[in-house]
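The values are calculated or read from the model by the stated rules, or taken from the named source; none is laboratory data. The structure presented is a predicted model; accordingly, all values stated were derived computationally and were not measured. Here the Cβ positions follow ideal geometry from the backbone for every residue, glycine too, while neighbour counts run over all protein chains shown. Keep in mind that these areas ignore ligands, DNA and RNA; they rest on the heavy atoms of the full protein, side chains included. Shrake-Rupley method; radii C 1.70, N 1.55, O 1.52, S 1.80 Å.
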Amino acid sequence: MSADEPLLLCCLLWAKPGLETEMTAYEDRVLALLATHGGEVLERLRGSGQHGTPHEVQSYRFPSQAALDAYLVDPERVALAGERDRVVVRTELFPVERLASGA
């Protein structure tokens, strides 16, 4: 994949115990910045967080690696790093591919 190809990403998030609502509020704020960088939230799902499963699963698309990189260093997002550290215990972000329905 070249740096100028669209990216489809999956993000798994685990909240610190008792801070699930606060993590959701944090994610509301930072995900609102995606559009500024051409990103789009495709889906956002809430899990129970029980038995080691994530509290939130997100999928989103960026037009390029450069757009994702710009989002990651967005000054508004960076300014919220302390809040992220307070409410998020673990994040996994990785590229994915869309499969045909029924595959």
Next on the checklist: How many angstrom lie between the Cα centre of segment 41-60 and the Cα centre of segment 6-37?
Outcome noted: 10
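Which whole-number percent of Cα pairs in the chain have a distance greater than 16 Å?
Values: 3117 of 5253 pairs.
Counting every Cα pair in the chain, those more than 16 Å apart make up 59 percent.
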Next on the checklist: Can you give me the accessible area per residue for the chain, using a 1.4 Å probe, in Å²?
Outcome noted: 61
Item to check | 222 nm mean residue ellipticity, helices alone, for the chain (DSSP H n ≥ 4; -39,500 (n - 2.57); rounded to 500) | outcome: -8500 deg cm²/dmol
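Ignoring ligands, DNA and RNA, what percent of the accessible area of the chain is carbon or sulfur (1.4 Å)?
Numbers: 3500 of 6290 Å².
Of all accessible area on the chain, carbon and sulfur atoms account for 56 percent.
For a quick protection proxy, order the peptides 56-63, 41-48, 30-37, 87-94 by their average other-Cβ count within 10 Å, most packed first. Could you put the intermediate results ahead of the total?
Working: 56-63: 17.9, 41-48: 12.1, 30-37: 15.4, 87-94: 13.6.
Highest to lowest by the protection proxy: 56-63, 30-37, 87-94, 41-48.
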Checklist entry - Separation between the residue 40 and residue 25 pseudo-spin-labels, each 7 Å from Cα along Cα→Cβ, expressed in nm? => result 3.1
